[in-house]
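Heads up, the thing below is written out as structure tokens.
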């Protein structure tokens, strides 16, 4: 027997409200080990302070939900509209990104007050209009946006704590890339010919995953697993960072300008690394991480291979069961030995594909169209999701994008080769 209409309506409202409470609560849970002093530090321009992340995701709901769908909504503080906008120029001007660490005010306590103010009005709105499809679509985007910032919060605080000579642990219980097997690196025959790629359309996806379209794949082989710390150490000790012939021109310039000799967070003796749980011995069989696109590309050349294209990666990953990873506190926790191909839950995998629009790509309307489309220039595509990516974001079509010199994210390497021979 079908449920009464009002019952269906109430269940839908409760579901969206419950999702909202869960995601918002997760952001605050992530701060439980931090002191207020930790939350204001900005260690480089790419990093945002924890306090700013907490406020910005709140601004998103205020600016794009409450001010559009809740008549009569009043801001807690008009200044926050300027301070916590990120890059939505059609929504107004914003405080410069490299100077977010100078925002000692509002205090962390005031930011939590801001979150509580917006949450109160959001939950009231969802209780009244949670079945409004247009509202639900923007709220769902906002929740996925907050989950992306939860990942950024973790990668950013890791970089912040690394600058401290004491190198304190953020949380020893958070997941890290898991050690795999010590088997020799192998390649499997990849799909070739015309294949459909992009989001299937059954469930949430970001606009840059659309539209689904045909892609031509040439004959190739793709690595059965990720490159390990032990294997990358061989590249380092073999003088890989000193051999110009292995590097793209911009990569070689960056190596010399930055003085790179090893992955970010590795010790000079190549024996230990800084993690969210503090300094630990390097696990030789764990995936190498925190390497830039330039380093990944140079390693691939040294190994007689290349990086896969994003569509080679996607067609291979589409057959990998996501269930091979456990969800822990909302984030992926890889199971050692499970999912031999390691497509999800360890590191973001660099591909050789520039971040560009798909044929027929149409960004979201209004200010939300600035979310992804305007960054489709001078960046490279990474795929898969790392150990601190929300488990709800793990799908073969998910695209991330970064500049080729960046390495503070959990970036890793999978190899590929041309042909089947």
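The values are calculated or read from the model by the stated rules, or taken from the named source; none is laboratory data. Every value quoted in this text rests on a predicted model; they were computed, and no experiment measured them. Glycine also receives a Cβ, built like all others from the backbone with ideal geometry; neighbour counts cover every protein chain displayed.
Applying the set (1) touching a helix residue (DSSP H, G or I) at 6+ places or on another chain (Cβ under 9 Å); (2) over 27 Å from residue 118 (Cβ atoms) to residue 159 leaves exactly one unmet item: (1). Residue 217 passes every criterion in (1) touching a helix residue (DSSP H, G or I) at 6+ places or on another chain (Cβ under 7 Å); (2) within 30 Å of residue 75 (Cα to Cα) apart from (2).
Of all residues in segment 227-268, exactly one satisfies the criterion of being under 13 Å from residue 303 (Cβ atoms), under 24 Å from the mean Cα position of the chain (by Cα) and part of a loop (DSSP other than H, G, I, E, B), namely 227. Condition check for residue 79 on (1) within 27 Å of residue 405 (Cβ to Cβ); (2) surrounded by fewer than 22 Cβ atoms within 10 Å (Cβ to Cβ): one failure, at (1).
Suppose the filter is at pLDDT below 95 and touching a helix residue (DSSP H, G or I) at 6+ places or on another chain (Cβ under 7 Å); does residue 246 pass it?
Numbers: at pLDDT below 95: no; touching a helix residue (DSSP H, G or I) at 6+ places or on another chain (Cβ under 7 Å): yes.
So residue 246 fails the test.
If you check residue 400 against the conditions, is it in contact with a strand residue (DSSP E or B) (Cβ under 9 Å, 6 or more places away or on another chain), closer than 18 Å to residue 354 by Cα and at pLDDT below 95? Spelling it out, it is not the case that residue 400 is in contact with a strand residue (DSSP E or B) (Cβ under 9 Å, 6 or more places away or on another chain), closer than 18 Å to residue 354 by Cα and at pLDDT below 95. Applying the selection to segment 354-374, what residues are on the phi < 0 side of the Ramachandran plot and outside any loop (DSSP other than H, G, I, E, B)? The answer is 354, 367, 368, 369, 370, 373, 374. Filtered by the rule that a residue be touching a residue at least 40 places away in the same chain (Cβ under 8 Å) and in a helix (DSSP H, G or I), segment 375-411 gives 391, 392, 393. With respect to the stated conditions, residue 252 is surrounded by fewer than 20 Cβ atoms within 10 Å (Cβ to Cβ), modelled with pLDDT of 95 or more and assigned by TED's automatic domain parsing to the domain that holds residue 230.
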